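The values are calculated or read from the model by the stated rules, or taken from the named source; none is laboratory data. Keep in mind it's a predicted model, so treat the numbers as computed, not measured. Methodologically, a virtual Cβ is constructed for each residue, glycine included, from the backbone with ideal geometry; neighbour enumeration extends over all protein chains shown.
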Amino acid sequence: MERISVFDMFKIGVGPSSSHTMGPWRAALDVLDRYGHEKVKHIQIKLFGSLAKTGIGHGTDLAVILGLCGHDPELIDTAAISFYLQEINSNKQLKFGAQNILPFDSKENIQFLKKFLPAHPNAVRFIVKLHDKREFIDTYYSIGGGFIKRDGENIDLQQRVFPFPIDNEKDLMIWVSSENTTIDQIVWANELSIQPEDQVKKKLMHIWHIMEDCIYQGCHTEGILPGGLSVQRRAFHLNKKLLSGVKYNGKEEWIKAVKGSENSFANLTRWISCFALAVNEENAAFSRVVTAPTNGAAGVIPAVLMYYLCFCEHQGEDDIIRFLLTAGEIGSLFKKGSTISAAMGGCQAEIGVSSSMAAAGLTACQDGSPQQVVMAAEIAMEHHLGLTCDPINGLVQIPCIERNTMGAMKAITASQLALSGDFTYSKIRLDGIIKTMWETAKDMHRKYKETSEGGLARHISVMLPEC
């Protein structure tokens, strides 16, 4: 099976969707890498299936354009995205590679085709024509969490040889037992087979700082989210109410203020919701987030980890690393044994998996045994089974933003249950829940898998303003 790094599960990018924004963006970058040196005359993009049905709401067309222009989703100035797109639309041309200024009209060069291709619901096809009349056709599948495949070839995951190869929970627990260690230490050893220790630590902390910045930014930005639903940002007002007049300057002072706020049960739940809302409001606004394991579920893990760092005893950087390593491994088990794509499995594949990952990370940091860690992961997913993906008007806003608060709360509850429970009496194992989730995904009707053709998307009428 795939040898998945924690850095495959946590990718830094731009909202609002890992499958419908980041995946197509990365596919476009791959096309640029393959043909940018050629004398290209024309490019046609065809979006299929779920990418076509909700592509406008997820900014799929915009992501493809930015990728073809060479903008990196991890590094792009998100504040300048609208300027870049306005310039392309105004000039009716884009720069493709070093020697190509191509005529480009998004209405003509990008087609939305609701036909589903057999391999995956999320498909994008690039037709590249050269001046010498040669033509190349490449089809990519966005398979969840920003992962992409090109016509069956997995271009994301290199052939890796881990000292502790893991395909399922059983493998993981065998290694933990034989090495007499913890889950995060097994994952740590695997990561060190790819890159040096200082790089692993640096990159993990960078991921957390991006998450932390996203929470802070979301808590300090008010207004209406883009997309036409007129969704009011709530994290700003909730943060203001919870701190009730406390003065601070910058992120560090804000975190200190949060830690000093009332830690009653009611306030803790409000803070957890505030953190999760903040991240996914930023995600909906095309800001920088971390897929965890997807963009639509990007708020769960930051919310739970921020809760832990603000309101529980912890060991600082060591616990942040422990949390992310543990959570990343649990996420990889779901990717290998089921799916992390809402277009394949509904929202159980996004919020459900993120909640499971967060529950595992939190349990590890609270000195839970490896058995309790996987028990927490199982409990969290068990209570997300069958969760549909039915975004209103194809936007990652309703019910997606609130759903992150639910996933975070379930993760904390699952962790508490696991820490107070005895694994030997558990009736369900993580491998069993992953298999069950995949069977549920296959049985779920397609209209509940990120097509906006069922559920809330069909029965809740939200009138969009006229252009």
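Checking S426 against (1) at pLDDT below 95; (2) buried (at least 20 other Cβ atoms within 10 Å of the Cβ), which test does it fail?
Failing condition for S426: (2).
When you go through T405, T388, T436, T451 one by one, which is the residue that is of a type in the set (V, I, T) and surrounded by fewer than 20 Cβ atoms within 10 Å (Cβ to Cβ)?
Selected residue: T436, the only one of T405, T388, T436, T451 that is of a type in the set (V, I, T) and surrounded by fewer than 20 Cβ atoms within 10 Å (Cβ to Cβ).
Could we say that K256 is closer than 24 Å to K11 by Cα, assigned to a helix (DSSP H, G or I) and either over 22 Å from the mean Cα position of the chain (by Cα) or not assigned by TED's automatic domain parsing to the domain that holds D77 (or both) here?
For K256, the condition - closer than 24 Å to K11 by Cα, assigned to a helix (DSSP H, G or I) and either over 22 Å from the mean Cα position of the chain (by Cα) or not assigned by TED's automatic domain parsing to the domain that holds D77 (or both) - is not met.
Considering only the stretch 342-360, how many residues are more than 18 Å from K442 (Cβ to Cβ) and out of contact with any Leu (no Cβ under 7 Å at 6 or more places or on another chain)? Talk me through it step by step, then tell me what you get.
At the first step, the residues of the stretch 342-360 found to be more than 18 Å from K442 (Cβ to Cβ) are 351, 354-360.
With out of contact with any Leu (no Cβ under 7 Å at 6 or more places or on another chain) added as a condition, the list becomes 354-360.
Qualifying residue count for the region: 7.
Yes or no: the stretch 81-103 includes at least one residue that is in contact (Cβ under 8 Å) with a residue 40 or more places away in the chain, within 23 Å of I210 (Cβ to Cβ) and either more than 25 Å from the chain's Cα centre (by Cα) or surrounded by 17 or more Cβ atoms within 10 Å (Cβ to Cβ) (or both).
Yes.
Taking V187 as meeting all but one of (1) more than 21 Å from Q366 (Cα to Cα); (2) under 23 Å from the mean Cα position of the chain (by Cα), write down the number of the exception.
The single condition V187 does not satisfy is (1).
Within the stretch 125-140, does at least one residue satisfy the condition of being surrounded by fewer than 15 Cβ atoms within 10 Å (Cβ to Cβ), more than 28 Å from N100 (Cα to Cα) and of a type outside the set (A, V, I, L, M)?
Looking through the stretch 125-140, none of the residues is surrounded by fewer than 15 Cβ atoms within 10 Å (Cβ to Cβ), more than 28 Å from N100 (Cα to Cα) and of a type outside the set (A, V, I, L, M).
Return the residues of the stretch 7-64 that are under 23 Å from N89 (Cβ atoms), part of a strand (DSSP E or B) and of a type outside the set (A, V, I, L, M, F, W, C); say none if nothing qualifies.
G13, K41, H42, Q44, K46
It is to be established whether one or more residues within the stretch 208-215 are in the same structural domain as F275 (by TED's automatic domain parsing), among the aliphatic types (A, V, I, L, M) and more than 25 Å from E402 (Cβ to Cβ).
Just the residues of the stretch 208-215 that are in the same structural domain as F275 (by TED's automatic domain parsing), to begin with: 208-215.
Now narrow it down to the ones that are among the aliphatic types (A, V, I, L, M): 210-211, 215.
When the remaining residues are screened for being more than 25 Å from E402 (Cβ to Cβ), the result is none.
No, the stretch 208-215 contains no residue that is in the same structural domain as F275 (by TED's automatic domain parsing), among the aliphatic types (A, V, I, L, M) and more than 25 Å from E402 (Cβ to Cβ).
Conditions (1) surrounded by 20 or more Cβ atoms within 10 Å (Cβ to Cβ); (2) in contact (Cβ under 8 Å) with a residue 24 or more places away in the chain, marked per residue:
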position	(1), (2)
G144	yes, yes
F147	yes, yes
E169	yes, yes
I186	yes, yes
Q195	no, no
L204	yes, yes
I210	no, yes
G223	no, no
R233	yes, yes
